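The structure appears below as structure tokens.
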Amino acid sequence: MTSIITRIQELKKEREAIILAHNYQIPEVQDIADYVGDSLGLAQTAFSRTDTKVIVFCGVHFMAETTAILCPGKVVLMPDIHAGCPLANMITPRELKELKKQYPDTVVVTYINSSAAIKAQSDYCCTSSNAVKVVKTIPEGKRIIFIPDQHLGDYVRSQTGREMILWRGYCPTHRRIRPENIQQKKKLYPKAKVVVHPECTSSVIALSDKVASTCGILKYCQDYQDKEFIIGTEIGILHRLKKENPDKTFIAAGDLADCPNMKLNTLEKIMWALEDMESRVSVPDDIASLAIRSIQRMLSIT
Ligand code: 13P
């Protein structure tokens, strides 16, 4: 393991590369990264790092694609090109075209968990940390199509009171967190605060004390003086929570909330990505030039 870490550090210098990792990555990958964060933080960091030529993106495909759109002059590498996002694959460009035809004169707000081709057909992009804020900037009375996550859309609707047409997509990992799991954990830890991601179902959200993005969850648990937290999101986040708050107890709401795609990246694959400069992620210019408008609109609001 030590020799792989040393080799990665050498290659990073040689290639002028940085490693970005999502909060759901395996502990070793999080620990070697230059920045670990949520989708918004990762996009902002990729955009602002002008001092690097190569970005090794440890997350899932739509995140690397967003980075490629924001950083056209940089090489974006994925350690495992098969790390996809089932939620992002739940709407196709053709389906979105049909939806827009069915509901003309609507504003399309698209969760960042979507392909570049979908973002290219959208008015606004959003992440779990700014979806409410983005929707609030849209003039009252304008009808909104929110894609592809029905649960995040439902949560945003509840927070804004806006009329929204929701697509039926969902994250299979967050769906595996059931209200019964929270109730059982609450019996074992009655004083614990329940903190969940907005990709959870509304029946899980109804049992929570706080709803937030992965970085929002980290911040809440750090700031809050309580000592016990039941965490309703992908279990990879427990590594940072425990590392940054050694005096607190974190309990996974659902032990099955383990995203197999996020876990495809390993130290060995990072090393090979930097050795071979593969797998490169790029977006065709015609799609990137349209998709960037919705992403930049989001970044300017945030
Ligand atoms: P965050 O932006 O909250 O990190 O969420 C990303 C994601 O894909 C959740 O499943």
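Below, the figures for the structure above:
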quantity: Cα-centred dipole magnitude for segment 257-302, charges only on beta-carbon of K, R (+1) and D, E (-1), debye, nearest 20; calculated: 320 debye
quantity: Surface accessible to a 1.4 Å probe, ARG175 within the full protein complex, Å²; calculated: 80 Å²
quantity: Overall dimensions of segment 164-302 as given by Cα atoms, namely Rg and Dmax in Å; calculated: 18.3, 54
quantity: Candidates ASP51, ASP80, ASP149: whichever shows maximal mean-square fluctuation once the chain is modelled as a Gaussian network with Cα springs under 10 Å; calculated: ASP51
quantity: Mean-position separation - Cα centroids, segment 273-297 and segment 182-213, in angstrom; calculated: 36 Å
quantity: Karplus (6.51, -1.76, 1.60) ³J(HN,Hα), θ = phi - 60°, over segment 231-242, in Hz, Gly and Pro reported as x; calculated: 9, x, 7, 4, 6, x, 5, 4, 4, 5, 4, 6
quantity: Label-point separation, LYS210 to LYS242 (7 Å along Cα→Cβ), nm; calculated: 2.0 nm
quantity: Cut-off 12 Å between beta-carbons: net charge of the residues surrounding ASN130, Lys and Arg +1, Asp and Glu -1; calculated: +2
quantity: Under 30 Å from LYS193, Cα to Cα: lysines that are on another chain or at least 8 residues apart; calculated: LYS133, LYS136, LYS185, LYS210, LYS219, LYS227, LYS242, LYS243, LYS248, LYS263
quantity: Local electrostatic count at ARG280 - Lys and Arg +1, Asp and Glu -1, tallied over other residues with Cβ under 12 Å; calculated: -2
quantity: Within-13-Å neighbourhood charge of ILE55 [Cβ basis; K, R +1; D, E -1]; calculated: +2
quantity: Dipole of segment 144-251, positive direction: furthest Cα of ILE235, CYS171, GLN184, with charges on the beta-carbon; calculated: GLN184
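The values are calculated or read from the model by the stated rules, or taken from the named source; none is laboratory data. Quick caveat, the model's predicted, so the values are computed rather than measured. Note: ideal-geometry Cβ built from the backbone for every residue, glycine included; neighbour counts use all protein chains shown. Quick note on the areas: whole protein, heavy atoms, side chains included, nothing else; ligands and nucleic acids left out. Shrake-Rupley method; radii C 1.70, N 1.55, O 1.52, S 1.80 Å.
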